[in-house]
């Protein structure tokens, strides 16, 4: 499969689930190029943006697992070029 660059946006509204989010991200650390996390204390949530370089299957598996966590929203955009 061809590897592609993607951007993943994660909003963690249930901060008790941050540990679970980090476990999944650690599992996929081999495809993560960069990560930025911002705690938004006024709103009681965190926003994480991730750049990944992997196959569409790897991206789907990671975002699928993240999306199943209660209080976590995930969206991704993948480059068209491989």
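Throughout, read-outs are computed from the coordinates displayed, never taken from laboratory work. Remember, predicted model here, so these are calculated numbers, not experimental data. Cβ: placed from backbone, ideal geometry, glycine included. Neighbour counts: every protein chain shown.
A few notes on this one:
- Sorted ascending by nearby beta carbons within 10 Å, beginning with the fewest, 50, 11, 38, 24 become 38, 11, 24, 50.
- Estimated 222 nm signal from helices in the chain, with DSSP H stretches of n ≥ 4 weighted -39500 (n - 2.57), rounded to 500: -8000 deg cm²/dmol
- Proxy reagent accessibility, fewest Cβ within 10 Å first, across 7, 74: 7, 74
- Calculated over the chain: convex hull of Cα atoms, volume per residue (Å³): 76 Å³
- Listed from fewest to most Cβ neighbours within 10 Å, the set 62, 1 follows the order 1, 62.
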